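Notes follow once the structure below has been shown.
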Amino acid sequence: MSVQDTTTLDGAAGSTGVLLSEPAAAKVKALLDQEGRDDLRLRIAVQPGGCSGLRYQLFFDERFLDGDQTYEFGGVEVIVDRMSGPYLGGATIDFVDSIEKQGFTIDNPNAGSSCACGDSFS
């Protein structure tokens, strides 16, 4: 289940942007609380690399870049740069915490194929 209050600076919403599930938003909020800074937001980007050609990057960032799309999920601000936006449209970021795996996962409808580790796609 995803928090549905997604908005961007240009007013677009829904499948054209990213979605952050409630568990992912809660985990990001907890990590930001640990940092003790209120000027950080989660940046989601796509970079060249990985075994499938492109890889995901999730990190905290204090900067805004020209063309960034901004989304809000339960008090967590998420930003996507202009170049990564087309690769991430409709992607859902979730957080899994099970005996087999712990970490963020990305379900991306734009990925034609992905590697076994799930960190890269094409």
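The values are calculated or read from the model by the stated rules, or taken from the named source; none is laboratory data. Since the structure is predicted, the reported quantities are computational estimates derived from the model, not experimental observations. Glycine also receives a Cβ, built like all others from the backbone with ideal geometry; neighbour counts cover every protein chain displayed.
Given the criterion modelled with pLDDT of 85 or more, polar (S, T, N, Q), surrounded by fewer than 17 Cβ atoms within 10 Å (Cβ to Cβ) and over 17 Å from ALA25 (Cα atoms), identify the matching residue among GLN47, GLN57, GLN102.
Of the residues listed, the single one that is modelled with pLDDT of 85 or more, polar (S, T, N, Q), surrounded by fewer than 17 Cβ atoms within 10 Å (Cβ to Cβ) and over 17 Å from ALA25 (Cα atoms) is GLN47.
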Meets criteria (more than 19 Å from ALA25 (Cβ to Cβ), of a type outside the set (A, V, I, L, M, F, W, C) and under 11 Å from the mean Cα position of the chain (by Cα)) for GLY85:
yes
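Considering ILE99, ILE44, which residue is closer than 16 Å to SER21 by Cα and aliphatic (A, V, I, L, M)?
Exactly one of ILE99, ILE44 is closer than 16 Å to SER21 by Cα and aliphatic (A, V, I, L, M), namely ILE44.
Criterion first (modelled with pLDDT under 85 and either basic (Lys, Arg) or buried (at least 20 other Cβ atoms within 10 Å of the Cβ) (or both)) does THR16 satisfy it?
No: the conditions fail for THR16.
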